[in-house]
Amino acid sequence: MIEQHPIENLIEDLKKIEALLPISGYMHPVQKEAPDFAILYLTANSGLIEYCLDAVYKHRTKVQRLEMSKSHPELHESVVHNDSYKLASHALSSARSCWNALQDPGVYQDDIHMLVRALRYAKYCVDLDLIRRVFMHPVDRYLS
């Protein structure tokens, strides 16, 4: 059996979590809070997510990310700009604030969507030998 790339495991889980989240706190009235599980998953994997985002935004230039997007059709150009780091990391910072009881659960589908777009770049930027595990993967076993 061929092992899936650890970042693909993370992306796969995040896409499933995204479906459980409210649409957006910015454009739509929030009808539900992010489930505790989403906050727990993001917090448990925060080190890995930060490592990936740093590899994409702090160790690669905008020009390098643009070149990657041209070479790999699954990469979306909307996250090549340096200011995209803040958007991509918003889900993580919101989850941490929720975990520390500093705010109501404010993680939305849009937050995960931008994070997933940035993580797709990380597949081409990170040293896989440093990734030991994706916590709580596969997420399906917790979503019953």
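The values are calculated or read from the model by the stated rules, or taken from the named source; none is laboratory data. Please read these numbers as outputs of a predicted model, since none were measured by experiment. For neighbour counting, all protein chains shown are included, and Cβ atoms are generated from backbone atoms with ideal geometry for every residue, glycine included.
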Cβ-Cβ under 6 Å, sequence separation 6+ or interchain: first residue in the stretch 12-29 and within 26 Å of Phe135 (Cα to Cα) and of a type outside the set (Ser, Thr, Tyr), partner assigned to a loop (DSSP other than H, G, I, E, B) and modelled with pLDDT under 65. Which pairs?
Pro22/Val30; Pro22/Lys32
Name the pairs whose Cβ atoms lie under 7 Å apart, with the first residue in the stretch 41-55 and in contact (Cβ under 8 Å) with a residue 40 or more places away in the chain and closer than 19 Å to Leu143 by Cβ, the second of a type in the set (D, E, K, R) and not in a loop (DSSP other than H, G, I, E, B), and 6 or more positions between them or separate chains?
Tyr41/Asp13; Thr43/Arg96
Verdict on Glu74 being assigned to a helix (DSSP H, G or I) and under 25 Å from Val134 (Cβ atoms)
no
Could you check, for the stretch 105-112, whether at least one of its residues is surrounded by 20 or more Cβ atoms within 10 Å (Cβ to Cβ), of a type in the set (A, V, I, L, M, F, W, C) and within 23 Å of Glu18 (Cα to Cα)?
yes
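Take the conditions surrounded by fewer than 11 Cβ atoms within 10 Å (Cβ to Cβ), hydroxyl-bearing (Ser, Thr, Tyr) and without any contact (Cβ under 8 Å) to a residue 60 or more places away in the chain and apply them to Ser71. Does it pass?
Details: surrounded by fewer than 11 Cβ atoms within 10 Å (Cβ to Cβ): yes; hydroxyl-bearing (Ser, Thr, Tyr): yes; without any contact (Cβ under 8 Å) to a residue 60 or more places away in the chain: yes.
It is true that Ser71 is surrounded by fewer than 11 Cβ atoms within 10 Å (Cβ to Cβ), hydroxyl-bearing (Ser, Thr, Tyr) and without any contact (Cβ under 8 Å) to a residue 60 or more places away in the chain.
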